[in-house]
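Structure first, then comments.
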Amino acid sequence: AQDSPQVQALRRAGAGDFLRKHGAADGRFYYQRGIDAVIFGIGGDGLHGPNEYVDITTIEPYRQALTEFLQASGSATRQDEGNV
């Protein structure tokens, strides 16, 4: 769900806007079990087609967002473990 703490943390880290697209991914299996799943990555177009390309200006912001999210998640996990 878009309002879950983890999804909000990912958004704060700069993961971008939410949008829904048709396609195939494993997120549906997580959703069926009540687990949030987010798919995000670098920008581009033409996915898996002959004109597929990557917008290289999106690589560094993606890396920064993922790093920030993972560092915040690791910090939260360590804090939770201390409260057990």
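Residue under question is Gly27, and the condition is that it be more than 21 Å from Ile59 (Cβ to Cβ) and either open to solvent by less than 90 Å² (accessible area, probe 1.4 Å) or of a type outside the set (Asp, Glu) (or both); does it hold? Taking the combined requirement at face value, the residue satisfies it.
The lone criterion from (1) at pLDDT below 90; (2) open to solvent by less than 70 Å² (accessible area, probe 1.4 Å) left unmet by Ile42 is number (2). Pairing residues of the range 40-54 that are under 27 Å from Val7 (Cβ atoms) with residues that are in a strand (DSSP E or B) and open to solvent by 80 Å² or more (accessible area, probe 1.4 Å), at Cβ distances under 7 Å and at least 6 apart in sequence or on separate chains, gives Gly44/Tyr53; Asp45/Tyr53.
In the range 62-81, the residues that are open to solvent by less than 50 Å² (accessible area, probe 1.4 Å) and at pLDDT 60 or above reach residues that are not in a helix (DSSP H, G or I) and not aliphatic (A, V, I, L, M) with C-beta atoms within less than 9 angstrom, at least six apart or across chains, in these pairs: Ala65/Gly14; Ala65/Gly16; Ala65/Phe40; Phe69/Gly14.
The values are calculated or read from the model by the stated rules, or taken from the named source; none is laboratory data. Predicted model, so just to flag it, every value in this text is computed and none were measured. Cβ: placed from backbone, ideal geometry, glycine included. Neighbour counts: every protein chain shown. When the accessible area is computed, the model is the full protein with side chains, heavy atoms only, and any ligands, DNA or RNA have been set aside. Shrake-Rupley method; radii C 1.70, N 1.55, O 1.52, S 1.80 Å.
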